[in-house]
Amino acid sequence: MKIAVLPGDGIGPEIVTEAVHVLNALGEQFTLEEAPVGGAGYEAHGHPLPDSTLSLAKDADAILFGAVGDWKYDTLERALRPEQAILGLRKHLQLFANFRPAILYKELAGASSLKPEIVSGLDILIVRELNGDIYFGQPRGVRAAPDGPFAGAREGFDTMRYSVPEVERIGHVAFQAAQKRNRKLTSVDKSNVLETSQLWRDTMIEVSKQYPDVELSHMYVDNAAMQLVKAPKAFDVVVTGNMFGDILSDQAAMLTGSIGMLPSASLDKNNKGLYEPSHGSAPDIAGKGIANPLATILSAAMMLRYSLGKPEQADRVEAAVKTVLAQGLRTADIWEAGTRKVSTREMGAAVVAAL
Ligand code: NAD
């Protein structure tokens, strides 16, 4: 099996190195091939998603991705900015289903900014549609406002769009994910205001008829944001569109204390996937050797489970992560008094040792 390894920028190379050590420690016959992406792709080939990187990603069975982005590229035209690489990969590979689990390990209950009794035992899954919505909808641009009180002024505009088949596709993925968990699915929209959301809600209700064993409920996105901090354990699986999912999944991530702990998977219809930590390239700590590699290591575990057909190896990696947390090892982002602060390298090595 071939894994494309795309470390990217900032802390990407540091954390991906540790995940690669973990994969190599499993004793499987994986072929790992590395390519530049994001700012590194721009430096090497003049584009954040070079053709050679895209064809490697297309050929591979799965993609292990670090993170992209650095403030120094903020002045480049949008098409050349590092973040375009991830949008391009999602689009080219038709990775439409993003899985973002938010799990609070009991050893880290103190790291959350919420009271332990509200978050302890938290285990929710956010399923976010990745290929549509306002991030990709046309038309978009900057123009002279054609009408309204500010007619003639420069205005920016984007288009929120979802078609019925797109919503059905992510709906099936979410219902099936809920079937494997506690059979509760919350669909998040803004149907009190948006036509797109009304179509989303109507379509989810239609899809739900094929899953009578799953309890479907609906929530407006503003209420979902409130409930996530008020009673997050009431959620099981949440399904939502690209933009709402972008925001809510980061919010859910922070319930767990550190974004450095959270993996993600982006899958196509055949379960080929791109696996990456939920955080960005953290330029503020890049090169310091202090980044938390666990989100990337747990992403590799998701890769073993969803794309490589090795659920028992995924279990081993996740158990090894729990072991190192139980041993009291912490990177700086999750450190608290009474635990041992370790570097990125040491954390990766501890997971390998636990394996
Ligand atoms: P970020 O997630 O990179 O960092 C937010 C904060 O969390 C920072 O203080 C950072 O130090 C900390 N952090 C993140 N990951 C950590 C880890 N593994 N261990 C310890 N601390 C960690 O978000 P940002 O600062 O808003 O963005 C930085 C760059 O990353 C930007 O260029 C942005 O566009 C890009 N970005 C990329 C992705 C991606 O590659 N998928 C996602 C989000 C942001």
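The values are calculated or read from the model by the stated rules, or taken from the named source; none is laboratory data. Here the structure is a predicted model, which is why all the values come from computation and not from measurement. Methodologically, a virtual Cβ is constructed for each residue, glycine included, from the backbone with ideal geometry; neighbour enumeration extends over all protein chains shown. Calculation scope for accessible area: heavy atoms of the full protein, side chains included, ligands and nucleic acids excluded. Shrake-Rupley method; radii C 1.70, N 1.55, O 1.52, S 1.80 Å.
Summary of computed values
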| item | result |
| --- | --- |
| Assigned charges on the beta-carbon of Lys, Arg, Asp, Glu; the chain dipole about Cα centre (debye) | 540 debye |
| Portion, in percent, of the accessible area of segment 1-124 that falls on carbon or sulfur, probe 1.4 Å | 49 percent |
| Cα→Cβ-extended label distance, 7 Å offset, between Leu87 and Thr323, nm | 4.3 nm |
| Within the accessible area of segment 147-212 (1.4 Å probe), percent carbon and sulfur | 50 percent |
| Reachable lysines, given that their alpha-carbon falls under 23 Å from the alpha-carbon of Lys190 and they are not under 8 places away in the same chain | Lys209, Lys230, Lys233 |
| Gyration tensor (Cα) of the chain, equivalent ellipsoid semi-axes in angstrom | 31, 26, 21 |
| Surface share of carbon and sulfur [accessible, 1.4 angstrom probe, percent] for segment 251-345 | 52 percent |
| Rounded accessible area per residue of segment 242-355, 1.4 Å, Å² | 36 Å² |
